[in-house]
2 protein chains.
Amino acid sequence: MNLPPLIQSFVLHFGEMGSRWGIARTVGQMYAVLFVAERPLSADDIVDRLGVSRSNVSMGLKELQSWRLVRLRHQPDDRRDFFSTPDDVWQIVRILVEERKKREIDPTLSVLRELLMLSPASEEERHAQARMQDMHEVIELMTSWHADVEKLETERLIQLLTLGSKVVKVLDLKDRLFVVPGRGAKAATPKA
Amino acid sequence: MNLPPLIQSFVLHFGEMGSRWGIARTVGQMYAVLFVAERPLSADDIVDRLGVSRSNVSMGLKELQSWRLVRLRHQPDDRRDFFSTPDDVWQIVRILVEERKKREIDPTLSVLRELLMLSPASEEERHAQARMQDMHEVIELMTSWHADVEKLETERLIQLLTLGSKVVKVLDLKDRLFVVPGRGAKAATPKA
DNA sequence: CCGTTATTTCAGAAAATACTGAAATCAGGA
DNA sequence: TCCTGATTTCAGTATTTTCTGAAATAACGG
């Protein structure tokens, strides 16, 4: 590995984090190298920096492209492929969330819906379906929240996150103004 | 594998999802079995249902306990250990988010902060630090949002998620009322 | 076309991870 | 304390995943 120490630490950390996910250690390292690079890099640049085989880099870049985490760029008067990560970290987060949703959440929702259509053949299966129903509802709610929020411009998203729990105060207020006392399952118990 | 078909499909799916994460296929299956079970199960119950070795179940349950995803229970007049998942799916989601934060986000923040303290020895390192700084800011903001939101009662959390992008309308309104026109980076361009 | 350089594919080697069975440990009850 | 049954540990095996080098393919300029 042929990197300045500060960058090397970063790259090694992302290699470890990568393998804690589903992605191979060296693929995580490739991503890290691209993320901190001053300009788009060729596959051979990455070979030089990480000291892994050319074919491994080729496959790793393909995987990163399938995640839309790196984009292919071209330099004038150079027919090699160059690669870079988006400049905007928020953009990276959005892509990560979308891709993980597509690969993990959507197939799970699909399986759950399919299984919820079947008729349970026993009390055991009936109970299992009830559990799946609970899970389905939670995932659906989180998914629809995400569908809403992903549309926001980054500026707004930041605003929303910064607000954090203060949003809840708006909800509190709304409750106090509009909810008829006694209509909820249990009496409100305001703090302090 | 000795399970009713509906449950078996669910279990197999979670095995696959598990291995897409960092957890072993059989550990994902163990979790799925426990999730849909009508009552707490002993390790041997899981051996019967999944057909894996007793020692594998023992290790898998240990891992699931380290994630706080299953809890150990005892039945009166039985000295075997029984295991179950929380009844409340929201509770499960909270635990998952907390544990992943602890294992992935916190160490990353710690590495980033450490590297941001160092003096860059070159322009390349200086640029890398700037990128790390960007990443650090984004993660910090998401983390502080999470710290706020995790404190909410489940009822409130659901309210917040249900509201989704409607919250943004509140932000919009707030902007229109309080932001001096021209102070932002670019002029507001209200839709429609 | 042909030669050159860039990239991809793929079979097998290497490495990492998961799983098992046997032995060890533990935790009561007699 | 000894016995019994429950659980854990761990060394070795099996499986899966990652990585490599060599060969194939592609892309372009002449």
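Remark: label point of B:ALA147 defined 7 Å out from Cα along the Cα-Cβ vector; separations to the same position in other copies 3.3 nm, ascending. Taking every alpha-carbon pair in the stretch A:1-50 and binning the separations at 10 Å intervals from zero gives 29, 58, 13 percent. Here the Gaussian network model covers chain A, with springs between Cα atoms less than 10 Å apart; of A:ALA43, A:ALA24, A:ALA128, A:ALA128 fluctuates the most.
Counting only alpha carbon atoms, the long axis of helix A:54-66 and the longest principal axis of chain A meet at about 30°. Magnitude of the charge dipole for the protein assembly as shown, about its Cα centre and with charges confined to Cβ atoms of Lys, Arg (+1) and Asp, Glu (-1), is about 800 debye.
Taking the longest Cα principal axis of chain B as reference, the axis of helix B:25-36 is set at about 80 degrees. Entry note: the stretch B:1-138 has Rg to Rh equal to 1.18, where both radii use alpha-carbon atoms and Rh is the Kirkwood radius.
How tilted is helix A:154-163 with respect to the longest principal axis of chain A? Cα atoms for both, answer in degrees (0 to 90, nearest 10). Here the helix axis deviates by roughly 50 degrees. As a calculated quantity, the FRET efficiency between A:GLU137 and A:HIS74 at R0 = 45 Å, using C-beta atoms, amounts to about 0.45. Copy-to-copy label distances for B:LYS166, where each label lies 7 Å from Cα along Cα-to-Cβ, are 2.2 nm in order of increasing length.
Label-point spacing for A:SER58 across the identical copies (point 7 Å from Cα in the Cβ direction), in nm and ascending order: 4.8. Computed over chain B with a Gaussian network model linking Cα atoms closer than 10 Å, the most mobile of B:ASP48, B:ASP106, B:ASP78 is B:ASP78. For a test of the definition: using alpha carbon positions, the gyration tensor, and the 1.5 limit on a/c, classify the stretch A:89-178 as rounded, prolate or oblate. Because a/c hits 1.5 or more and a/b fails to exceed b/c, the stretch A:89-178 counts as oblate.
Calculate the translational D of the protein assembly as shown in whole µm² s⁻¹ from Stokes-Einstein, where the hydrodynamic radius comes from the Kirkwood formula applied to all Cα pairs, the temperature is 25 °C and the viscosity 0.890 mPa s. The calculation lands on 102 µm²/s. Evaluated with a Cβ-only charge set (Lys, Arg +1; Asp, Glu -1), chain A carries a dipole of roughly 500 debye about its Cα centre, given to the nearest 20. Based on alpha carbons, the Rg and Dmax found for the stretch B:5-84 are 11.9, 40 Å. Note on A:THR154 and B:ASP106: with the Förster distance fixed at 30 Å, the Cβ-Cβ geometry gives a FRET efficiency of about 0.75.
A short reminder: the numbers here are calculations on the coordinates, not readings from a lab. What you are looking at is a predicted structure, and each value in this text was computed from that prediction instead of being measured. Note that each Cβ is placed from the backbone with ideal geometry, even for glycine, and that neighbours are counted across all protein chains shown.
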